[in-house]
Amino acid sequence: NFLKQIIKFYLLRRFMSERSIEKFKEYIKKLNPIDDIIFRKMAENKEFCEEILRVFLQDSYLKVLNNKSQYAITNIDRRSVILDAYCELRDGKRVNIEVQNADNVNHQKRVRYYSSVLTTSLMKKGENFDNVPEVCMIYICNFDIFRENKSLYLIKRVIDGSNTEVDNGLKEIYISANINDGSELSELMRVFTKDDCYSNNFPVTSKMKYDFKYVKEGNKMTDTMKEIYEIFEEESKDVWIKEGRKEGRKEGRKEGRKEGAINILLTLVKDGIISIEEAAKRANISVSKFEKYLNGQK
């Protein structure tokens, strides 16, 4: 429940050492937009999505009307999907942008499945097939997926023998972020993959990348870094909990789990998050006993 989540949050915060935070800062400096933890936050920004899609789709007038990061499409009876970045364009086209660092899945079948689930989610029961929306799948790989030394692969449907192109409303684009062919796309991909690479041609992407990676105000983390830290912390709970236990032992916490829980509950009461009565109930002690802890008595 919500209270347990708050207690867990305070537990992690209380035991988090300055050394751990410094480790995080060093870790974040090594990340780039090609990494999911960074991309998912940048994709929340409409201007970022618009800037990169203008390059991917070679349309300088492209307009993003709506965008969603980590867009979940639930399929009760089948496998659900989470899209890295989902955008609705002014012309009605829907775009899904995926970033992929590891070459450890069947990428084409993944794209096929994601496109089918997305298309299905956009159609109403009994709706005419003429209304099937145009969907564009953009798959950014930190490797050359088809090994033909191209920065961009546009997949087309053609009739065998005549090479006549046919269109069913689905477009697939695969981008090799590691290929530098001197194009505008390759320049953008350098910003996506290289630690200290920024470009005036991509001001939104470059600024957001810098804000996520570096501290500006003394030793304080920027707001954007704090957002990434929360994701990092959520995905690294086991690591932080183990470290917290280690730090707790160093500080001489010898009074057991109950004493530790009481200390956390004391913090929650002082911060006005829960009442004394609720805290005493959670600690399984009387209100008067808890008030003694609150007053520094035992």
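Please state which of the following conditions TYR153 fails to meet, knowing it meets all the rest: (1) at pLDDT 95 or above; (2) open to solvent by 70 Å² or more (accessible area, probe 1.4 Å); (3) of a type in the set (Ser, Thr, Tyr).
That leaves (2) as the condition not met.
Can you name the condition, by its number, that CYS49 falls short on among (1) out of contact with any Ser or Thr (no Cβ under 8 Å at 6 or more places or on another chain); (2) more than 25 Å from LYS194 (Cα to Cα); (3) outside any loop (DSSP other than H, G, I, E, B); (4) not charged (D, E, K, R)?
(2)
Hey, can you tell me all the residues within region 91-111 that are under 16 Å from SER80 (Cα atoms) and either among the acidic types (Asp, Glu) or more than 22 Å from the chain's Cα centre (by Cα) (or both)?
Scanning region 91-111 gives GLU98, LYS109.
When the residues of region 75-105 are filtered to those that are among the basic types (Lys, Arg) and in contact (Cβ under 8 Å) with a residue 40 or more places away in the chain, which remaining residue is surrounded by the fewest Cβ atoms within 10 Å (Cβ to Cβ)?
Among those that are among the basic types (Lys, Arg) and in contact (Cβ under 8 Å) with a residue 40 or more places away in the chain, it is LYS93.
Give the residue that is most open to solvent (accessible area, probe 1.4 Å), with candidates limited to residues of region 40-74 that are more than 23 Å from TYR153 (Cα to Cα), free of Cβ contacts under 8 Å to residues at least 60 places away in the same chain and polar (S, T, N, Q).
THR74
From the list ASP103, ASP84, ASP130, pick out the single residue that is farther than 26 Å from PHE48 by Cα and among the acidic types (Asp, Glu).
When all the criteria are applied, what remains is ASP130.
Pick out the one residue from PHE129, PHE143 that is open to solvent by less than 30 Å² (accessible area, probe 1.4 Å) and over 20 Å from the mean Cα position of the chain (by Cα).
Testing whether each residue is open to solvent by less than 30 Å² (accessible area, probe 1.4 Å) and over 20 Å from the mean Cα position of the chain (by Cα) leaves just PHE143.
The values are calculated or read from the model by the stated rules, or taken from the named source; none is laboratory data. Source: prediction; values computed, not measured. Counting neighbours? That spans all protein chains shown, and the Cβs are built from the backbone with ideal geometry, glycine included. The area values use the complete protein model at the heavy-atom level, side chains included, leaving out ligands, DNA and RNA. Shrake-Rupley method; radii C 1.70, N 1.55, O 1.52, S 1.80 Å.
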